[in-house]
Amino acid sequence: MSKQVLIMAHEFPPSAGGGVQRIAKFARYLPSAGWTPFVVAGEVDAARPADDTLLEGLSEVEVMRVPAVDVRGAVARALSHLKRRRRGPAEPRAAEATSAQERRVPLSTRIAAWVSVPDRASFWITPAVRAGVALGRRHEVAAVFASGPPHSVLVAGARVASALGVPFVADMRDAWRDNPSIHYPTALHRARAEDLERRVMRSAATVTCVSEPIAAEARQMGAREAIALPNGFDPEDLPAWAPAPGDLRLAFMGTMYRPLTDPAPLLEAMKLAVGLSVAAARVSLDVIGSELPWVLDEVDGLGLRDRVRFLGYRPHAEALDLLARADVGVVLISDATGSEAVYTGKIFEYLGMGIPVLLVGPPDGVAADLVREAQAGVVVRYSDVPACAAALVALEDRKQRGEAPATPDAEVVARYDRRRQASVLAELLDRVTGAPDL
């Protein structure tokens, strides 16, 4: 026999959002630990990346899709319709925006921030609760596990668990109160969001968090128990690290966004390193992700267009294959308040693959602690461009001498195997439900 758990997440494969891997791997590996998952998730958004390969191992998982009402998208469509009506069918469109204008926060985003608390998925809560209660009753689930962001999913999960009369486990992939990427339009909006967070934390039997600083926030906001359950890697997904010969190649996998992963210090270091070493002029960076106008502006402004390649969004397996050919995997974490609690998911796949890490981020953060503990690479402060330039020169020198930049500690790396983490989650579910091991 197996026990049943309801999992709630805004995105689930084939969606390829940043938090999908964590939830997909829990759903894949929980059955081997005695828990059968049933999933409530948002419908796949055609405007966002999708990756059918992420469905591997999930064919037996029942998923109920609820329309993912994105407030920003709804506002943007309404504004677009209004503009078309005002402009008229024969009137030409306005000239393209300048780069400075493009970098402004869109009007739709600003309006959405006023009408949606705690986040863009707030309108998803009500239909998700209805779906979760229906699915949970049909399968007599013993617990509800909800993962955010969007943190609206945690609000929905708490309400579903209350309606079903079962324990609730809240999963925080990012901070809520202390998230450096969340900006509220007024103090009242922030107060409302924090009130929701307190209610969610107090209702949870336990809270799982990707890092200890986030767990500390959860406890401060009323959680009776909060534990760190970091992200990880699935060994079955990872190709062998096999760097190409030649000059040093860096690779960044994912999406760059402000303020948290702005690549400016790394790009400036690439420029500065040329004055320190002739060989450093040949150090290149592959961005395995979308080509963004503001990043291109930074690259062009430093004259690095011939040394920075944008490879575009790639399916997960293909992205990992590209990463495996680089010498160093780059992690960018800015000095924004709260960034010391951020790991970023990619760092674990770097570790699992064995590719050395260059972390440009807070030296006292959880990501830096992990890199040092695993002996997995180099840590430089995000704002210290000269130190980053020196690190690039040293990495290039080691490449030319045929020396690996780092040799990760296999015992430390093994802690972050997704299968092991699913077993930890299963033990937590056993404990909060009082269910015996089967």
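The values are calculated or read from the model by the stated rules, or taken from the named source; none is laboratory data. The model shown is predicted, which means the values in this text are computed figures rather than measured ones. Counting neighbours? That spans all protein chains shown, and the Cβs are built from the backbone with ideal geometry, glycine included.
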Output yes when any residue across the range 387-400 is at pLDDT 95 or above, in the same structural domain as Ile355 (by TED's automatic domain parsing), part of a strand (DSSP E or B) and touching a strand residue (DSSP E or B) at 6+ places or on another chain (Cβ under 7 Å), and no when none is. no
How many of the residues in the range 38-53 are crowded, with 20+ Cβ neighbours inside 10 Å, in contact (Cβ under 8 Å) with a residue 60 or more places away in the chain and out of contact with any His (no Cβ under 6 Å at 6 or more places or on another chain)? 1
Is it the case that the range 24-32 has a residue that's part of a strand (DSSP E or B) and surrounded by 16 or more Cβ atoms within 10 Å (Cβ to Cβ)? no
Quick one: which residue in Glu268, Glu291 is touching a residue at least 12 places away in the same chain (Cβ under 8 Å) and either small (Gly, Ala, Ser) or touching a helix residue (DSSP H, G or I) at 6+ places or on another chain (Cβ under 7 Å) (or both)? Glu268
Find the residue count for the range 355-380, including only residues that are without any contact (Cβ under 8 Å) to a residue 24 or more places away in the chain and surrounded by fewer than 22 Cβ atoms within 10 Å (Cβ to Cβ). 4
In the list Ala191, Ala187, Ala244, which residue meets the criterion of being exposed (fewer than 15 other Cβ atoms within 10 Å of the Cβ) and more than 28 Å from Ala156 (Cα to Cα)? Ala244
Condition check for Gly352: under 27 Å from Ala317 (Cα atoms), surrounded by fewer than 23 Cβ atoms within 10 Å (Cβ to Cβ), touching a strand residue (DSSP E or B) at 6+ places or on another chain (Cβ under 6 Å) and touching a residue at least 12 places away in the same chain (Cβ under 8 Å): yes
